[in-house]
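See structure below.
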Amino acid sequence: MAQTKQKKGRIIKVAGPLIVAEGLDDCRMFDVVRVSSRNLIGEVIEMRGGRASVQVYEETGGLGPGEEVVSTGAPLSVELGPGLLEGIYDGIQRPLRKLMEASGERIGRGIDMPALDHEKKWKFVPVMKKGAQASAGDVIGTVRENSLVEHRIMVPPGVSGTIKSIEEGEFTVDQTVCVLTGDKGEVKLTMMQKWPVRIGRPYKSKMSPSMPLISGQRVIDTFFPVAKGGAACIPGPFGSGKTVVQHQLAKWADAEIIVYVGCGERGNEMTDVLNEFPQLTDPRSGEPLMKRTVLIANTSDMPVAAREASIYTGITIAEYFRDMGYNVAIMADSSSRWAEALREMSGRLEEMPGEEGYPAYLSSRLASYYERAGVVRTLGTDNRVGSVTAISAVSPPGGDLSEPVSQATLRIVKVFWGLSASLAYKRHFPAIDWIASYSLYGDRMTEWYDNNVNSKWAEQRSRAMSILQEEAGLNEIVRLVGMDALSAEDRLTMETAKSIREDYLHQDAFNEVDTYASLQKQFRMLKLILDCHTLSADALAKGADLDDLLAIKSREQIGRCKYIPEKQSNKFAEIDALMRQEIEALVNA
C-alpha cells in the first residue's frame, strides 16, 4: 500500500480480530492501517469520537494496549494488471506461492507482498497511436498474458486526454507505456491499475441479461438456467454436493474468465481445489484450465476478518476482466462463511444483533455484492459489452433454508438451485431438487433458445417439468394405496418421470462423456423420452398392453443416451426410429 498520508495512533483495546485505537481522528472508514511493529494489515470499520475500530486481517495474538497503529490514508485496494491469471491469492490478494517461499508452510504475520510480479516484463503492443484521443476505458494496447487470454490495457476510470507518446516493447507493470496530456496536465499510464475493493468499477450502462451461461449440466441448462450477468445461489446441507457443482460450473461454463473464491471453507476442500485446478484441462482449448482462472483461497483456519475481504477482492478482479469485454463467472464458496465473519465482527463491535445474531445490515451487504454482477456496456468508445455472473454456495446449518443468510440471499438472486439431502443420500447427483428450485431467467431467454437450439425448447421444458410435478402428486397416492391402484396412464406417467430423473437429470461428473452435455444433445435426449411417452400413451388408448410398452428394447437404449459422445449424434435418430417401430408393432399386434 502506498503510504500517502500517515497518521499514528495507539491501541487501547484488543478483542480477537478487532482492535480499538485512539489518535486516528483523521482516518476515514475503510482506510487501511498497519498495526504494531509486526506490521499487521487492518481496515477501519467504525469511527466513534476519536476512536477507530479496526478489523485485523491477520492473527492478533500477542498484541497489547499502547502499541502503535499507523494509517496509510488509502482504502484496501487490489492490483489489476498482467499476471493476475493463474494466480493463487489469499483474501487480501497476497500471492500464496510467494508467501510460502518467504515464510514456509505456515504464513508468517505482517508480510507485505505485491499481488503482481513487479519485475517480470510483458510484451506491450499498442492499438492506439500518438495524437489519438483516449478516454476512460479505451484499450490503448494489449499483452498476451497466456495462450488463452489477451490482456487489454485500458485507460483507468477518470482519466482522458490526447496520447503524447505510446511505445511498443517489453515493460514491467510499473513502467510507463503511454503518456496522456489533458486538462490535468500529463498523465503517465502503466499496465497496472489499483482499485478499492469496496467500490464497484464504473461502466456506461447496465443491460438486461438475455442469454444463458451454458454449463453442460442438464438439470441447470434445461430447467433452471442462469443468465450471463445473472446471480444464482446453491444452498444445501453438508455432503449434498455444493462444491462439486461449483467445480463443474468453473470447468464447463462458457465464461471466458473464472474467479473462484474459497471463502472460509474447510482446508481440505480448498486443498482439493488448489491441487485439482492446475491439473484440469480446459475442454474448449485443451490448455490447462488455470490459464483463465484466478483462485482466492481463504480457508476456515485463517483469521475470520479476511473472509469479508476475499469476497470483495474476487468481485473487483471479476469486474476488471468484465471491463475488457469478457464474460466472467465468479464462484464464492461459501457466502455463509462470509456472513459468519460479519456476525463475529458485529458482535465484537457490540452492535444490536438482528435475527440469529447476524447484523441488521446483513441483507444490504449481500445485496451490495450481488448487484455488482450484471451485463454492462463498458467505458470506452468501442462499445464493448462484458458480464459478471455471480454464483455462490450457501451452507445453512442443518440444511435449514429458513435461516437468515439463505433468506436474505433468496430475496436478491433470481436463480435458486436447492440441493436436497435425500437426493444426495440416494446418490442422485447433481442433487438439485427439481420441485423446490427455480429460475426467473427461463422465460426471458426463450427467444435465445428458439433461435440457437430449437423452437420447441420451451414447450419441451415445460412438459417435462409438468410430468415431474405430476409424479410428486402421484407418489402420495402410491404411498397410501400402492402402485397397483393407479391407472395405466398414471403408471406410464410415473415411468416417464423416472426416466427423466434417472436417465436425464442424473449426471456423472466423473464420467468422460456424461460430465458435459451440449444444448443440442440435451434437447435430443429429452425429446426421445417425451416422444416415447406420447407414443406409448397413444398406444395405450388404442389397446396396447402397458407391460409390453415398458419392455421394449429402445427404452433401455434411451436410458443409455447420456453416454453417446457428442460426435455420434446420428445414434439418436436410430433409437427414435427403433422406438417408433416397436410401439407401432405393439399397436398392430
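Give the Rg/Rh ratio for the chain, taking Rg as the radius of gyration of the Cα atoms and Rh as the Kirkwood radius, to two decimals.
1.04
Longer than 20 Å from Cα to Cα, which of 251/527; 228/527; 498/553; 498/562 are they? Say none if no pair is.
Correct reply: 251/527; 228/527.
Order of 219-232, 194-207 by packing, highest average Cβ count within 10 Å first?
Ranking the peptides 219-232, 194-207 by packing returns 219-232, 194-207.
Which of the chymotrypsin sites (Phe, Trp or Tyr not before Pro) found in segment 339-417 are loop residues per DSSP with 16 or fewer other Cβ atoms within 10 Å of their Cβ?
361
Whole angstrom only: what separates the Cα centroid of segment 556-578 from the Cα centroid of segment 239-260?
27
Given a Förster distance of 60 Å, report the FRET efficiency between residue 459 and residue 30 from their Cβ-Cβ distance, rounded to the nearest 0.05.
E between residue 459 and residue 30, to the nearest 0.05, is 0.75.
Determine by what factor the alpha-carbon radius of gyration of segment 314-377 differs from 2.2 N^0.38 Å, reporting the quotient.
Segment 314-377 yields a ratio of 1.38.
Under 17 Å Cα-Cα from residue 164, which lysines qualify once same-chain neighbours fewer than 8 residues away are excluded?
In chain and number order, the partners are 129, 130, 184, 188.
Once all Cα-Cα distances of segment 367-508 are split into 5 Å bins that start at 0, what whole-number percent is in each one?
2, 7, 12, 15, 16, 17, 12, 8, 5, 3, 1, 1, 0, 0
Where the centre of each part is set by its Cα atoms, how far does segment 473-490 sit from segment 322-346, in angstrom?
45
Roughly how tilted is helix 570-588, in degrees to the nearest 10 and between 0 and 90, from the longest Cα axis of the chain?
Around 30 degrees separate the two axes.
Dipole of the chain, Cα-centred, from +1 at each Lys and Arg C-beta and -1 at each Asp and Glu C-beta, to the nearest 20 debye?
Once rounded to the nearest 20, the dipole reads 1720 debye.
Hey, rough spin-label estimate for residue 383 and residue 13, points 7 angstrom out along Cα→Cβ, what's it come to in nanometres?
5.7
When the helices in the chain are scored as -39500 (n - 2.57) per DSSP H run of 4 or longer and the sum is shared across all residues, what 222 nm value do you end up with, to the nearest 500 deg cm²/dmol?
Theoretical 222 nm ellipticity from helices: -9500 deg cm²/dmol.
For residue 207, which sequence-distant residues (separation of 5 or more, or a different chain) have an amide H within less than 5 Å of its own amide H, given hydrogens modelled in the peptide plane?
Those lying under 5 Å, H to H, from residue 207 are 375, 376, 377.
Over segment 392-443, how many percent of alpha carbon pairs lie in each 5 Å bin up to the one with the longest distance?
Calculated over all Cα pairs of segment 392-443, the distribution is 4, 18, 27, 28, 15, 7, 1 percent.
Starting from the Cα of residue 422, step 7 Å along the direction of its Cβ; do the same at residue 570; then give the gap between the two resulting points in nm.
The modelled label-to-label distance comes out at 4.5 nm.
Please report, largest first and rounded to whole Å, the three semi-axes of the ellipsoid equivalent to segment 1-128, where each semi-axis is the square root of five times an eigenvalue of the C-alpha gyration tensor.
Ellipsoid half-lengths, sorted descending, are 30, 18, 11 Å.
Where does each of 305-317, 459-471 land if you order them by average Cβ count within 10 Å, highest first?
Result, highest mean first: 305-317, 459-471.
Can you tell me how much longer the chain between residue 351 and residue 272 gets when fully stretched, taken as 0.36 nm per residue apart minus their C-alpha distance, in nm with one decimal?
That pair, residue 351 and residue 272, stretches by 24.7 nm at full extension.
Given +1 on the Cβ of Lys and Arg, -1 on the Cβ of Asp and Glu, and no further charges, what dipole in debye does segment 40-166 carry about its Cα centre, rounded to the nearest 20?
For this selection, approximately 720 debye.
I'd like the projected area of segment 270-330, averaged over all directions, using the convex hull of its alpha carbons. Report it in nm² with one decimal.
Convex hull of Cα atoms, orientation-averaged projection: 4.8 nm².
For segment 330-416, what is the percent of antiparallel DSSP beta bridges, rounded to the nearest 5?
Counting only bridges with both partners in segment 330-416, antiparallel ones make up about 55 percent.
Considering the options 223, 290, 203, tell which one lies farthest towards the positive end of the dipole of segment 183-321, charges being +1 on Lys and Arg and -1 on Asp and Glu at the Cβ, about the Cα centre.
203
What angle do you read, to the nearest 10 degrees and between 0 and 90, between the alpha-carbon axis of helix 335-348 and the longest principal axis of the chain?
Long axis of 335-348 versus the principal axis of the chain: about 40 degrees.
Just want the answer: with Cβ charges of +1 for Lys and Arg and -1 for Asp and Glu, which residue in 587, 373, 177 is farthest toward the dipole's positive end in the chain?
Towards the positive end, the residue furthest out is 177.
For segment 163-290, what is the convex hull (Cα atoms) projected area averaged across all directions, in square nanometres?
Mean projected area for segment 163-290: 12.5 nm², to one decimal.
Cross-link list 120/242; 7/123; 204/456; 98/123: which exceed 29 angstrom alpha carbon to alpha carbon?
Among 120/242; 7/123; 204/456; 98/123, the Cα-Cα distance tops 29 Å for 120/242; 7/123; 204/456.
Residue farthest toward the positive end of the dipole of the chain, with Cβ of Lys/Arg at +1 and Asp/Glu at -1: which of 104, 493, 114?
114
Under the classification rounded if a/c is under 1.5, otherwise prolate if a/b is larger than b/c and oblate if not, where does segment 257-411 fall, given a ≥ b ≥ c as square roots of the Cα gyration tensor eigenvalues?
oblate
How far, in nm, would the chain grow between residue 174 and residue 477 when pulled straight, counting 0.36 nm per residue and subtracting the alpha carbon separation?
102.0 nm
What are the radius of gyration and Dmax of segment 529-589, computed over its Cα atoms and given in Å?
Cα-based Rg and Dmax for segment 529-589 come out at 12.1, 39 Å.
Ordered by packing density, taken as the mean number of other Cβ atoms within 10 Å over each peptide's residues, highest first, how do 127-137, 334-344 rank?
Final packing ranking: 334-344, 127-137.
Work out how much length residue 188 to residue 146 would gain on full extension: take 0.36 nm times their residue separation and subtract the Cα-Cα distance, in nm to one decimal.
That works out to 12.5 nm of additional length.
Calculate one ³J(HN,Hα) per residue across segment 74-88 by plugging θ = phi - 60° into the Karplus curve 6.51 cos²θ - 1.76 cosθ + 1.60, and present them in order as whole Hz with x for glycine and proline.
9, x, 5, 10, 10, 8, 10, x, x, x, 5, 5, 6, x, 10
Tally up the carbon and sulfur contribution to the accessible surface of segment 272-398 as a whole percent, 1.4 Å probe, everything protein left in place.
Of the solvent-accessible surface of segment 272-398, carbon and sulfur hold 48 percent.
The values are calculated or read from the model by the stated rules, or taken from the named source; none is laboratory data. As the structure is a computational prediction, the values presented were derived from the model and not from experiment. Reconstructed Cβ throughout: ideal geometry from the backbone, glycine too, with neighbour counts over all protein chains shown. Surface areas here come from the heavy atoms of the whole protein model, side chains and all, with no ligands, DNA or RNA. Shrake-Rupley method; radii C 1.70, N 1.55, O 1.52, S 1.80 Å.
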